[in-house]
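Worksheet for the structure shown next.
The values are calculated or read from the model by the stated rules, or taken from the named source; none is laboratory data. Predicted, not measured: the structure shown is a model, and the values here were computed from it. Neighbour counts are summed over all protein chains in view; Cβ atoms, including those assigned to glycine, are modelled from backbone coordinates with ideal geometry.
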């Protein structure tokens, strides 16, 4: 996997250098920017997948937050490189619903994780409980 990430990063660097060297020099067109941003997001997806695999191999746990982040990055990449003229209204609405669903799932997962951490933490000495009495 590290080899794939390294190759993707080198490919990204090559595309950036090549696009900057072609006339007009040091200026990028819209299509070139979309290509570069798509490659950057592919590298981010690969890094996040590597992190997910590493955590799974170490602890045999699947981190839902990382999986949701990878899904959001992948869908964001699709939205960024999407040529809206090639798709109908139903497809665009489906992609929007997918983005919204992933965002809500990520928010709920984060809120649940924070709430479980707060519930597991013992109260500090001298703090008050919910009734206001000192412990």
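Listed here are the residues, each with its yes/no results for (1) closer than 21 Å to residue 31 by Cβ; (2) under 14 Å from the mean Cα position of the chain (by Cα).
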{"position": "62", "(1), (2)": "no, no"}
{"position": "66", "(1), (2)": "no, yes"}
{"position": "76", "(1), (2)": "yes, yes"}
{"position": "80", "(1), (2)": "yes, yes"}
{"position": "83", "(1), (2)": "yes, no"}
{"position": "94", "(1), (2)": "no, no"}
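Condition test on residue 4, is it in contact with a helix residue (DSSP H, G or I) (Cβ under 7 Å, 6 or more places away or on another chain), touching a residue at least 12 places away in the same chain (Cβ under 8 Å), assigned to a helix (DSSP H, G or I) and loosely packed, with under 14 Cβ neighbours inside 10 Å?
For residue 4, the condition - in contact with a helix residue (DSSP H, G or I) (Cβ under 7 Å, 6 or more places away or on another chain), touching a residue at least 12 places away in the same chain (Cβ under 8 Å), assigned to a helix (DSSP H, G or I) and loosely packed, with under 14 Cβ neighbours inside 10 Å - is met.
Within the range 96-135, count every residue that is touching a helix residue (DSSP H, G or I) at 6+ places or on another chain (Cβ under 8 Å) and at pLDDT below 90.
1
Residue by residue, here is whether (1) modelled with pLDDT of 85 or more; (2) more than 25 Å from residue 75 (Cβ to Cβ) holds:
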residue: 13; (1), (2): yes, yes
residue: 16; (1), (2): yes, no
residue: 23; (1), (2): no, yes
residue: 26; (1), (2): no, yes
residue: 29; (1), (2): no, no
residue: 32; (1), (2): no, no
residue: 39; (1), (2): yes, no
residue: 42; (1), (2): yes, no
residue: 46; (1), (2): yes, no
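Among the listed residues 43, 79, identify the single one that is over 22 Å from residue 10 (Cβ atoms) and either in contact with a helix residue (DSSP H, G or I) (Cβ under 7 Å, 6 or more places away or on another chain) or buried (at least 16 other Cβ atoms within 10 Å of the Cβ) (or both).
So the residue among 43, 79 that is over 22 Å from residue 10 (Cβ atoms) and either in contact with a helix residue (DSSP H, G or I) (Cβ under 7 Å, 6 or more places away or on another chain) or buried (at least 16 other Cβ atoms within 10 Å of the Cβ) (or both) is 79.
Is it fair to say residue 54 is over 29 Å from residue 101 (Cα atoms), modelled with pLDDT of 85 or more and surrounded by fewer than 16 Cβ atoms within 10 Å (Cβ to Cβ)?
When the stated conditions are applied, residue 54 does not pass them.
From the list 106, 83, which one is touching a residue at least 12 places away in the same chain (Cβ under 8 Å) and within 25 Å of residue 40 (Cα to Cα)?
Result: 106 is the single residue among 106, 83 that is touching a residue at least 12 places away in the same chain (Cβ under 8 Å) and within 25 Å of residue 40 (Cα to Cα).
Inside the range 82-96, can you point out the residues that are outside any loop (DSSP other than H, G, I, E, B) and surrounded by 13 or more Cβ atoms within 10 Å (Cβ to Cβ)?
Our first condition is that a residue be outside any loop (DSSP other than H, G, I, E, B); within the range 82-96, this holds for 84-86, 89-96.
Correct list: 92, 95.
State all residues of the range 57-76 that are in contact with a helix residue (DSSP H, G or I) (Cβ under 8 Å, 6 or more places away or on another chain) and over 18 Å from residue 100 (Cα atoms); if no residue qualifies, say none. Give the steps one after another, and end with the answer.
So the first thing to find is which residues in the range 57-76 are in contact with a helix residue (DSSP H, G or I) (Cβ under 8 Å, 6 or more places away or on another chain), and the list is 61-76.
Of everything in the range 57-76, those that are in contact with a helix residue (DSSP H, G or I) (Cβ under 8 Å, 6 or more places away or on another chain) and over 18 Å from residue 100 (Cα atoms) turn out to be 61, 62, 63.
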